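The values are calculated or read from the model by the stated rules, or taken from the named source; none is laboratory data. From a predicted model like this one, the values you see are computed outputs, not experimental measurements. FYI the Cβ positions are ideal-geometry reconstructions off the backbone, even for glycines, and counts take in every protein chain you see. SASA here: full protein model, heavy atoms, side chains in, ligands and nucleic acids out. Shrake-Rupley method; radii C 1.70, N 1.55, O 1.52, S 1.80 Å.
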Amino acid sequence: MTEFEGLDPASLAARIAALDEQGALDAVQGRIAAGDDPLAIIEECQVGMRWVGEHYQSGKYFISGLIMAGEIFREAMVALGPLLPPETADAGQGSVLIATVRGDIHDLGKNIVTMMLRSYGIVVHDLGVDVSPDEVARKAVELQPDVVGLSGLLTVATDGMKATVEALRGGEAEIGRRLPVIIGGGIVDEQMCGWTGADLWASDASRGVRLIREAIAAARD
Ligand code: B12
């Protein structure tokens, strides 16, 4: 195998970095058989995906590399998804409206967050990808979720994120309360949270799900 600087060559992350589909899926199965935590396996997949992304950026990989990495990850999730706690739907645990913002079609991360929230019994209304600010705001007024989650991985999508938060704030009068908005994805941080007008941010699913559950609990106190 080629050397993948910074990664252990035998690791799952390195196999994703090498776009070695079968090798990566074998590594996932090996880790599952060893009884590893599925979330830890997902996090290692993300390390490999980030590596591919960085090397796409530097010109070593092309768009086909991103597509391959996305496909490997999707297949890994076919094996890992059923190992996450079973999904239940119980409005008593709260509800979340989630979408990838306008101009962005990345959805693998959003789908993991959705799966994890559902595993806690939280009802998730997933609007999909490339969703316009008006559509998110319209659905928020219609469904009145406890929390709204916005996903975005592209720098150019940050405008869409900001516009969506503004549109949501515009609908709050009709809902009669402030809607906690959490933004997520590789590009978000404290600064972007402030700039977009969102309340919370998370660049990994575990932190995101914890913050969402806390926000639901606070809203119901
Ligand atoms: C796979 C991939 C693709 C696939 C996406 C497939 C799919 N169905 O999602 C395809 C091939 C379609 C794609 C297309 C493009 N991509 Co792309 N892609 C990636 C790649 C390699 C991995 C992304 C991924 O799925 N990671 C794994 C998931 C699990 O991680 P995640 O998304 O970060 O999600 C986690 C957290 O962020 C968080 N989270 C995510 N959403 C949310 C939401 C909430 C509410 C919460 C709480 C948490 C949360 O939880 C998740 C789990 O921990 C990244 C590299 C990278 N560094 O991320 C580039 C990357 C995101 N892509 C990039 C680019 C440039 C593009 C294209 C513009 C390329 C092109 N020239 O066409 C297009 C854009 C198309 C569009 N309009 O959106 C750039 C973006 C650069 C930038 N900052 O703007 C990246 C960073 C690569 C790079 N370094 O250059 N891409």
Out of the residues in the range 1-45 meeting the condition of being in contact with a Leu (Cβ under 7 Å, 6 or more places away or on another chain) and closer than 16 Å to Gly65 by Cα, tell me which one is modelled with the lowest pLDDT. Cys45
Test Asp130 against the criterion of being open to solvent by 40 Å² or more (accessible area, probe 1.4 Å), near the ligand (Cβ under 10 Å from one of its atoms), of a type in the set (Asp, Glu) and in contact (Cβ under 8 Å) with a residue 12 or more places away in the chain, and give yes or no. yes
Candidate set: the range 68-82, residues that are over 17 Å from the mean Cα position of the chain (by Cα) and at pLDDT 90 or above; chosen: the one farthest from the ligand (Cβ to nearest atom): Ala79
For the range 97-123, which residues satisfy the criterion of being among the small types (Gly, Ala, Ser), in a loop (DSSP other than H, G, I, E, B) and either more than 8 Å from the ligand (Cβ to nearest atom) or under 26 Å from Ile175 (Cα atoms) (or both)? Gly121
Yes or no: Gly35 without any contact (Cβ under 8 Å) to a residue 40 or more places away in the chain and over 26 Å from Val148 (Cα atoms)? yes
